[in-house]
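Beneath this line is the structure, given in structure tokens, with notes to follow.
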Amino acid sequence: YEEKGGAAYLTINRPPLNWLDIATMREMNEALDQVLAAGAELKLLVIQAAGEKAFSVGVDVADHTEDKVGTMIGVFHGIFRRLDRLEIPTLAAVKGAVLGGGCEVALFCDMIVAAENIKIGQPEIKLAVFPPIAAAALPAIIGSKKAYEIVLGGDALRAPEALACGLVNKVVPVEQFDDEVATFVSRFTSLSGSALRSTKR
């Protein structure tokens, strides 16, 4: 977690696929608590990931066991409760695989900038479970018809389809990803923080 130039950057760093285990999600919640406690100098939160293969492929299957699942769900949902309380805009910067719980983290952000190599979706139905955050949030983002298809069908979308249905704001070339994200971020950090907060509210 770091703050620079008016933005906070939360980087998921558990290569190669950035599985979200309980420890990682606890660290994410601690970082989000720092954003919540920050002053008016922060204008945007960016959630991004280390590595080239994945933003995140979701919650670690090792934490779905009977002895861990209660803790896992509580910590996982804590991420969304904190994001929901944030007054500043939020941006997910995603590349590679954006699946399961990783997709839910991204879609719960206000905006998504995506590399053209993304594979984004909710495959939970193929494991005979469902994605609660996506089921609740997706219809308001992309409409119920496409939300039904994504959640009930379980197939991932490629960049053009994700852009066409409104799941992502912008698709950029992989080799220009960092520069494009920086340019997108600067659009917001150059504005009034109080205006951003009041307008989001």
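The values are calculated or read from the model by the stated rules, or taken from the named source; none is laboratory data. Not measured: the values here are computed from a predicted model. No Cβ is skipped: glycine too gets one built from the backbone with ideal geometry, and neighbour counts run over all protein chains shown. Please note that ligands, DNA and RNA were not included when accessible areas were found on the heavy atoms of the full protein model with its side chains. Shrake-Rupley method; radii C 1.70, N 1.55, O 1.52, S 1.80 Å.
Quick notes on this one:
- Under the convention that each Lys and Arg Cβ holds +1 and each Asp and Glu Cβ holds -1, the size of the dipole of the chain around its Cα centre is about 560 debye.
- Using the Cα coordinates of the range 108-201, the gyration tensor eigenvalues translate into equivalent-ellipsoid semi-axes of 27, 18, 10 Å, sorted from longest to shortest.
- Assigned charges on the beta-carbon of Lys, Arg, Asp, Glu; the range 25-136 dipole about Cα centre (debye): 200
- The chain: calculated mean residue ellipticity at 222 nm from DSSP helix runs of at least 4, using -39500 (n - 2.57): -13500 deg cm²/dmol
- Unit Cα scatterers, Debye sum, the chain: log10 I(q)/I(0) for q = 0.07 Å⁻¹: -0.18
- Approximating the spin labels as points 7 Å out from Cα along Cα→Cβ, the Asn13-to-Asp155 distance works out to 3.8 nm.
- For the chain, carbon and sulfur atoms together expose 53% of the accessible surface, with a 1.4 angstrom probe and every protein chain in place.
- Label-reachable residues, the range 132-171, where backbone N falls under 17 Å from a point 7 Å from His77's Cα toward its Cβ: 132-138
- Within the chain, DSSP assigns beta bridges of which about 20% are antiparallel (rounded to the nearest 5).
- Residue-span extension gain [Lys170 to Ile141] - 0.36 nm each, minus C-alpha spacing: 9.0 nm
- Inter-label distance for Lys68 and Glu116, nm, one decimal - labels placed 7 Å from Cα along Cα-to-Cβ: 3.8
- Two-site FRET efficiency, Leu127 against Arg187, from Cβ-Cβ distance with R₀ of 45 Å, rounded to 0.05: 0.70
- Solvent-accessible surface of the range 73-139, averaged per residue with a 1.4 angstrom probe and all protein chains in place: 35 square angstrom.
- Extension gain, Lys53 to Asp179: 0.36 nm times the residue separation minus the Cα-Cα distance gives 43.5 nm.
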